[in-house]
Amino acid sequence: TLPCLPGARPCIPKDFGHGSPVCVCNATYCDTLDPLVVPAPGSYVKYESSKAGKRLERSEGKFQSTLSSRGLLLTLNISTLHQHVKGFGGSLSDAAAMNILKLSQPAQDKLLRSYFSESGIEYNLIRVPMACSDFSVRPYSYDDVPDDHELKHFRLADEDVKMKV
């Protein structure tokens, strides 16, 4: 197993020969993190993974108001907001859906909970490509009829009905 955080379930690594192990997740086991806690004002929490063996290694720090040594200075103006973060998530491509559907139902449930539940990484958004993408097994669209501006020939592909809807 790879090292883990106190209280977290350890990663059971599997290497597919590329030097970057992945953590096994199946019907009975997925590695987890402790519940996320918002740090105190002026502090931050960082999670880091690396090929050298770090697996979501947690560290804490405090923001400094001045630069005490040579290095990068990042200035945050917290009195002006330029954008609102709605959430975090990932993409559900054909390839991802195909792999999820190959899992047993209990493994699918555990995988989805590891992404979307409070006991997981709490994704709250997901992007679904319209028609095919570079992670599809074949090219397809919803309406290949030229000049069909009224979309009379619009049809979802089997991939969308089986894997995305």
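The values are calculated or read from the model by the stated rules, or taken from the named source; none is laboratory data. Because the structure is a prediction, the values reported are computed rather than measured. Heads up, the Cβs are rebuilt from the backbone with ideal geometry, glycines too, and the neighbour counts pull from every protein chain shown. Heads up: the accessible areas ignore ligands, DNA and RNA and are worked out on the full protein's heavy atoms, side chains in. Shrake-Rupley method; radii C 1.70, N 1.55, O 1.52, S 1.80 Å.
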* Conditions (1) at pLDDT 90 or above; (2) open to solvent by 100 Å² or more (accessible area, probe 1.4 Å); (3) over 14 Å from the mean Cα position of the chain (by Cα): number failed by Arg127 -> (3)
* Structure fact -> Those residues of the range 109-123 which are within 15 Å of Cys30 (Cα to Cα) and either assigned to a helix (DSSP H, G or I) or without any contact (Cβ under 8 Å) to a residue 60 or more places away in the chain (or both) amount to Asp109, Lys110, Leu111, Leu112, Arg113, Ser114, Tyr115, Phe116, Ser117
* To do: Would you please name the residue that is nearest to Met98 (Cα to Cα), looking only at residues in the range 143-157 that are out of contact with any Asp or Glu (no Cβ under 8 Å at 6 or more places or on another chain) and open to solvent by less than 100 Å² (accessible area, probe 1.4 Å)?
  => Ala157
* To do: List the number of the failed condition for Ile126; all other conditions in (1) in contact (Cβ under 8 Å) with a residue 12 or more places away in the chain; (2) part of a loop (DSSP other than H, G, I, E, B) hold.
  => (2)
